[in-house]
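*Asks:* Sharing a structure with you now.
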Amino acid sequence: MFDNLADRLNKTLKNLRGQGRITEDNVKETLREVRRALLEADVALPVVREFIDDVQTKALGREVMSSLSPGQALVKIVNDELVKVMGEANESLNLASQPPAVILMAGLQGSGKTTSTAKLARFLKTRMNKSVMVVSCDVYRPAAIEQLKTVANEVGADFFPSDAKQKPVKIAKAALAAAKRQFKDVLIVDTAGRLHVDDEMMEEIKALHKAVAPVETLFVVDAMTGQDAANTARAFDEALPLSGVILTKTDGDARGGAALSIRQITGKPIKFLGVGEKTDALEPFHPDRVASRILGMGDVLSLVEEVQSKVDQKEAARLAKKMAKGKGFTLEDFKSQMEQMSNMGGVASLMEKLPGMSEVPDAVKQQIGDRQMARLVGIINSMTPQERRFPAIIKGSRKRRIARGAGVPVQEVNKLLKQFTQMQKVMKKMKGKGMMNMMRGMKGRFPGGGMPPGGMPPGGMPF
């Protein structure tokens with residue numbers, strides 16, 4: 001998310017960072033480029049105008065003009081204004097009510113309401129230790145109820161059965177009664193969507209809202225619809241007392257216009273981002289962290305939270321111990337590291353949270369992308385346990401068998417084995433000297449192509 005906007009803003013602001021003096025002319029020229037970048041990211045025009053006016057007013061103030069590093073001062077102003085546009089701080093769910101706290105999910109058809117219902121149920125269970133029941137009031141879309149049942153089972157939430165012949169309000173009331181009887185902390189009500197905003201749909205969801213009196217009414221919207229997402233959210237807000245927004249499919253949106261427009265247009269906070277298809281791919285929305293990502297400064301706090309919640313800590317400690325000793329590191333261990341990264345959203349998700357990654361060329365990022373890692377895992381999976389522990393035994397016939405099993409040329413197997421041997425040598429040399437030194441020593445030796453000298457970000461990659 002924000003890839004295009006981040007690239008444009010970084011190139012524009014980079015020219016100012018090193019300048020000793022800021023003038024009205026170069027501020028105006030810079031903001032002209034910023035304005036163009038925001039419009040290309042599909043940010044709503046009124047939001048762009050207000051953003052540029054606010055930045056310009058502050059940039060030409062005495063504080064910046066007299067600053068020892070005015071370029072950096074301007075970058076800070078842009079950062080602060082991005083945070084302000086997106087809502088200052090994370091607004092968490094308000095579940096302070098007599099259990100069960102009801103969350104009503106609203107939105108258009110195809111926006112990802114059912115998937116988001118499951119993701120939110122998982123988030124509440126794992127992060128907030130809540131017992132959760134879910135129910136589908138979508139009696140119009142074929143298989144909608146069955147879909148929610150499937151994903152509810154996947155995340156371990158209780159599913160309240162419903163039927164397409166029932167009335168939505170009757171379903172919701174029955175589910176609420178069941179949640180009370182079973183002493184559930186939260187009931188999430190998944191509602192029907194339409195292909196567009198219509199009166200019939202709005203009347204039905206108003207009746208549902210009145211029947212269950214939710215503490216949170218969340219509008220689920222597809223980030224890829226750009227500023228249309230903000231306009232649809234406004235239409236829903238006029239009919240319902242929305243408490244927040246879940247922005248879905250952000251992993252497929254390179255522009256980010258919706259995230260920068262929704263708060264300003266509707267006055268409603270974005271509470272969560274859907275960042276992938278898996279049921280754990282839901283992140284609380286932190287405006288300050290997102291602004292930091294857009295300006296290429298990374299998001300280390302979110303990265304740390306992901307490591308804590310998604311990484312197998314025992315396995316990570318075991319691998320770290322092996323690496324510190326500089327011996328016994330096998331292809332099985334290497335595969336385990338890549339799988340841990342995949343659990344955290346993959347290489348792309350990690351890279352956008354690392355400071356300085358905007359400076360790394362795209363060609364280098366692609367060398368260690370998720371597709372390349374999947375090929376490496378495929379090659380290792382085609383090996384026997386013995387071959388993974390003792391790669392030296394892999395000769396001609398074994399290589400051909402592994403290549404056939406992984407669907408790759410034999411040359412790729414050779415490349416992996418050669419570069420893995422180099423990695424082992426580096427680890428032996430670097431033992432006890434810390435991760436940063438070890439990663440510097442490994443430049444150019446990452447299996448699958450590696451990062452060329454100079455291409456490693458400060459501190460190295462997190463594996």
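*Asks:* Yes or no: segment 165-179 includes at least one residue that is on the phi > 0 side of the Ramachandran plot, open to solvent by 20 Å² or more (accessible area, probe 1.4 Å) and either under 23 Å from the mean Cα position of the chain (by Cα) or not basic (Lys, Arg) (or both).
*Replies:* no
*Asks:* Checking the conditions here, which among 108, 120 is at pLDDT below 85, open to solvent by less than 70 Å² (accessible area, probe 1.4 Å), aliphatic (A, V, I, L, M) and under 22 Å from residue 247 (Cβ atoms)?
*Replies:* Residue meeting the stated conditions: 108.
*Asks:* Quick one: in segment 240-257, which of the residues that are modelled with pLDDT under 75 and assigned to a loop (DSSP other than H, G, I, E, B) is surrounded by the fewest Cβ atoms within 10 Å (Cβ to Cβ)?
*Replies:* The residue in question is 254.
*Asks:* Give the number of residues within segment 375-404 that are of a type outside the set (Ser, Thr, Tyr) and open to solvent by less than 60 Å² (accessible area, probe 1.4 Å).
*Replies:* Matching residues across segment 375-404 total 15.
*Asks:* While we're on this one: Could you check residue 98 against (1) polar (S, T, N, Q); (2) in a loop (DSSP other than H, G, I, E, B); (3) surrounded by fewer than 22 Cβ atoms within 10 Å (Cβ to Cβ); (4) in contact (Cβ under 8 Å) with a residue 12 or more places away in the chain and say which number it fails?
*Replies:* Every condition holds for residue 98 apart from (4).
*Asks:* Now for a separate question. Might you let me know whether segment 219-231 holds any residue that is out of contact with any Cys (no Cβ under 9 Å at 6 or more places or on another chain), part of a loop (DSSP other than H, G, I, E, B) and in contact (Cβ under 8 Å) with a residue 24 or more places away in the chain?
*Replies:* Yes; the residues of segment 219-231 include at least one that is out of contact with any Cys (no Cβ under 9 Å at 6 or more places or on another chain), part of a loop (DSSP other than H, G, I, E, B) and in contact (Cβ under 8 Å) with a residue 24 or more places away in the chain.
*Asks:* Okay, next question. Going through segment 113-140 one residue at a time, which ones are in contact with a Ser or Thr (Cβ under 9 Å, 6 or more places away or on another chain) and basic (Lys, Arg)?
*Replies:* Hits for segment 113-140 are 113, 119, 122, 125, 127.
*Asks:* Checking residue 7 against (1) among the acidic types (Asp, Glu); (2) under 25 Å from residue 231 (Cα atoms); (3) at pLDDT below 80: exactly one of these is not met. Which one?
*Replies:* Here residue 7 meets the rest and fails (2).
The values are calculated or read from the model by the stated rules, or taken from the named source; none is laboratory data. Just so it is clear, the structure is predicted and the values come from calculations on it, not from any experiment. Don't worry about glycine lacking a Cβ; one is built from the backbone with ideal geometry, like all the others, and counts go over all protein chains shown. Surface areas here come from the heavy atoms of the whole protein model, side chains and all, with no ligands, DNA or RNA. Shrake-Rupley method; radii C 1.70, N 1.55, O 1.52, S 1.80 Å.
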